[in-house]
Amino acid sequence: MTYTLLYDDDHGLIRLQEILKHATADHKWMVRRLKPGEDNRPLLKSLKATGVTRVILDCPSDRVLEYLRHANEVKFFEDYMSYVLMSLDAHTLDLEELRYGLSNVTCLRIFDPSDSTTASSLADWKASKSDNVKIPGQAHEITVEAALASDAAKLITSAVESAPDEFKIEAQKIQCDTESQWELGEEFTNHLLTHPITGITDKITLDNTTGERTNFNVEIMELSNSGFNSIAKWNAKTGFLYARSPNDVSNILAEKWQNKTFRVVSRIGAPYLIERTPKEGEVLTGNDRYEGYSKDLIHEILKETLHLNYELEIVPGNGYGSYDKETKKWNGLIGHLLERKAELAICDLTITYERRSSVDFTTPFMTLGISILYSKPTPPPPELFSFLKPFSVDVWIYMAAAYLIVSLLLHILARLAPNDWENPHPCDKSPEELENIWHIKNSCWLTVGSIMTQGSDILPKGYSTRWLCGMWWFFALIMCSSYTANLAAFLTNAAMDDSIKSAEDLALQTKIKYGTVEGGSTSSFFRRSNVSTYQRMWGAMESARPSVFVKNNDEGVERVLKSKRAYAFLMESTAIEYQLERHCDLMQVGGLLDSKGYGIAMPFDSLYRTAVDNAVLKLAESGKLVELKNRWWQAPEGSGCVSEEAGEEGASAAELGVDNVGGVFVVLGIGCGMAAGMGAFEFLWHVREVAIEQKMTQAEAFWAELTFALSFWETEKPVQHSRPSSSASESNMASRASSVLRSAADLFHLDVFK
């Protein structure tokens with residue numbers, strides 16, 4: 001910190017020496033001498049150009065007003081200035097003409113004239129005065145020097161009056177060049193040091209060894225609209241005791257700045273501040289020209305909470321603020337504040353160490369971190385036969401081969417197994433022939449029914465065939481379960497991309513370029529980081545050609561959108577949240593790389609710093625900050641993106657459209673067509689046989705069979721027999737009768753066994 005001492009006599013330098021004994025290496029001092037009775041305005045004007053803000057004025061009280069007037073005339077008594085008046089009589093000055101100035105004026109006093117004990121002693125002092133002279137410019141008649149002299153005289157008088165009888169205080173002639181002393185001097189001195197009294201400057205006690213005063217009170221006084229007011233007290237025992245609460249500070253601030261219009265500087269950038277588009281016939285002026293999160297926040301702080309006026313302005317160049325090593329100056333918002341062109345700066349301004357060393361910040365009104373903005377992977381075009389994807393082509397071929405081999409093996413084993421040869425007539429205990437139903441058609445039907453998890457109405461009975469079916473069922477169980485699980489995972493995760501998942505993935509590859517805003521806090525983070533991954537990323541960004549740095553966030557977002565997944569942008573997480581609400585083809589990759597906050601910036605030593613900070617905390621506790629963020633971050637109704645994480649109670653997978661499962665319908669349609677073709681072929685083949693057996697034309701047989709097939713109310717079909725010739729009709733009738741009798745006997749036996 002830099003302090004400027006203004007003094008007008010040699011005693012000021014002597015007092016400065018005592019101050020420097022307790023100063024630290026961080027304190028820098030600038031010393032200038034004022035000339036009483038002369039024009040000191042050129043000196044004060046030159047000091048103003050250096051940017052000093054802390055001034056200690058060491059001069060007698062009767063010259064304080066003169067020097068402050070000169071400072072006010074050259075605008076060295078403006079905002080951000082702090083004056084400490086060294087004169088202990090400064091609180092008695094009538095500074096009414098400077099009360100409404102913007103500087104902070106502080107002084108000290110060692111007694112309170114309004115205190116009852118002090119007032120009583122002061123009344124006694126006034127009554128004993130022989131003159132009635134009043135010092136010009138002072139509100140009270142007594143000075144600190146007079147008060148201390150009065151208390152010293154009172155201490156000696158009281159000590160003499162209370163001295164023991166053996167103390168005979170008589171005037172004696174003492175030569176200066178002799179060694180003779182007052183005989184009772186040492187004893188009287190001891191009596192004086194142990195005899196406390198109460199005077200104008202409160203209770204007086206002295207150290208027995210050094211004779212110095214051991215107790216005294218000091219009040220810190222601050223100039224306000226009503227004059228000097230006490231803001232804190234100090235004594236050796238209790239230290240500092242502050243007399244003002246945060247609410248009192250806010251009230252005093254509001255009173256002091258009620259006629260001031262705060263200049264608030266910001267920058268254009270959605271959603272923090274954007275220019276309003278006027279309606280037809282509407283003329284926008286002043287703060288109405290802008291809207292956004294920053295405007296609403298500063299309005300809540302200054303207008304609604306502190307009841308202060310403000311005016312928004314845009315910083316030239318629309319920059320955040322970076323330090324130029326060549327010119328050794330700040331630009332952007334930070335430079336605007338340092339040049340005293342604004343009182344506050346608000347936008348998405350990150351609190352960094354470099355900025356914090358030049359300007360002051362409030363408590364962060366928003367916390368965030370650096371993350372990666374990247375384009376979402378383009379979902380692959382839906383395939384008609386995507387249901388085949390869970391298995392590779394080799395697996396499908398092996399499954400088809402396994403199906404044919406198992407079906408053929410089942411057919412062969414069934415013919416070899418004795419238990420699979422069955423009696424066609426269960427009522428006949430001694431059949432002449434045995435039947436085997438496991439021909440190739442039934443074998444294929446059993447295997448296909450098993451793998452389709454539908455089963456079959458016929459089952460093998462032989463040991464070998466049953467073992468073969470069991471193994472096939474196990475194979476079908478595993479393959480069907482694997483297919484179902486893999487199909488669900490494939491269809492729901494088809495759009496997932498594993499190119500990059502974190503900053504480490506970015507650092508380990510060279511195909512995807514990445515960058516930040518040039519000169520911003522994000523680039524400073526990578527430039528200063530000691531983490532090897534971030535150092536590697538910064539080296540890659542610096543060496544990339546063409547440059548991967550952009551001028552602002554909007555340019556970075558636009559570059560990500562147009563790069564076709566060849567560029568990733570590193571930016572603050574809050575800005576990413578805003579962009580994701582409005583660009584559905586963007587996504588955030590990984591978590592936060594750091595943790596930081598946005599704050600309201602202001603020059604150092606701003607009187608309103610505490611009040612603005614308290615207002616931010618109040619808005620945070622009331623939930624107003626969250627409400628403001630939701631208002632400006634959420635996209636307008638109907639235009640936002642639907643979050644992929646929404647709908648936890650519903651299905652976790654994405655809906656499947658016709659494009660995804662249309663191939664299944666194609667297969668079903670082809671199968672139905674093949675079945676219809678096979679049915680037509682069987683029907684025509686049957687018509688040919690009927691035509692041969694019935695001795696009729698194929699057209700007659702076709703229409704007869706088709707008419708019967710379309711007669712849906714007919715449920716029984718008579719058995720067709722070939723027409724007999726005239727010569728053999730009698731013999732055929734006899735054989736037909738015998739077969740009918742045999743069939744009737746079979747039915748009779750079946751009913752009996754039931």
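Summary table below
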| quantity | calculated |
| --- | --- |
| Test: residue in segment 93-100 that is touching a strand residue (DSSP E or B) at 6+ places or on another chain (Cβ under 7 Å) and either among the β-branched types (Val, Ile, Thr) or not assigned by TED's automatic domain parsing to the domain that holds residue 229 (or both) | no |
| Some residue of segment 464-486 being touching a residue at least 60 places away in the same chain (Cβ under 8 Å), surrounded by 12 or more Cβ atoms within 10 Å (Cβ to Cβ), assigned to a helix (DSSP H, G or I) and touching a Lys or Arg at 6+ places or on another chain (Cβ under 9 Å) | yes |
| Residue within segment 281-295 that is polar (S, T, N, Q), assigned to a strand (DSSP E or B) and either outside the structural domain of residue 520 (by TED's automatic domain parsing) or in contact with a His (Cβ under 8 Å, 6 or more places away or on another chain) (or both) present | no |
| Whichever residue in segment 309-324 is buried (at least 21 other Cβ atoms within 10 Å of the Cβ) and of a type in the set (A, V, I, L, M, F, W, C) and, among such residues, is farthest from residue 357 (Cα to Cα) | 312 |
| Only one of 431, 460, 424 that is exposed (fewer than 13 other Cβ atoms within 10 Å of the Cβ), over 60 Å from the mean Cα position of the chain (by Cα), modelled with pLDDT under 85 and not in a helix (DSSP H, G or I) | 424 |
| Residue identified as touching a residue at least 24 places away in the same chain (Cβ under 8 Å), more than 21 Å from residue 601 (Cβ to Cβ) and touching a strand residue (DSSP E or B) at 6+ places or on another chain (Cβ under 9 Å) among 287, 259 | 259 |
| Residues of segment 205-229 that turn out to be in a loop (DSSP other than H, G, I, E, B), more than 46 Å from the chain's Cα centre (by Cα) and either surrounded by 16 or more Cβ atoms within 10 Å (Cβ to Cβ) or in contact (Cβ under 8 Å) with a residue 60 or more places away in the chain (or both), as a count | 2 |
| Output for segment 366-419, where each listed residue is of a type in the set (Val, Ile, Thr), within 30 Å of residue 568 (Cα to Cα) and surrounded by fewer than 16 Cβ atoms within 10 Å (Cβ to Cβ) | 367, 378 |
| Residue list for segment 508-528, restricted to those being within 19 Å of residue 573 (Cβ to Cβ) and of a type in the set (A, V, I, L, M) | 517 |
| Qualifying residue in segment 445-456 (condition: modelled with pLDDT under 85, part of a strand (DSSP E or B) and exposed (fewer than 13 other Cβ atoms within 10 Å of the Cβ)) | no |
| Residues located in segment 64-78, provided they are crowded, with 21+ Cβ neighbours inside 10 Å and under 22 Å from residue 603 (Cβ atoms) | 68, 71, 76, 77 |
| Entirely in segment 1-83, the helices (runs of 4 or more DSSP H) that have 3 or more residues that are more than 28 Å from residue 146 (Cα to Cα) | 41-50, 64-73 |
| Criterion: over 29 Å from residue 392 (Cβ atoms) and out of contact with any strand residue (DSSP E or B) (no Cβ under 6 Å at 6 or more places or on another chain) - qualifying residue of 404, 459, 408, 446 | 459 |
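The values are calculated or read from the model by the stated rules, or taken from the named source; none is laboratory data. Since we're looking at a predicted model, the values are computed, not measured. As a convention, Cβ positions derive from the backbone with ideal geometry for all residues, glycine included, and neighbour counts pool all protein chains shown.
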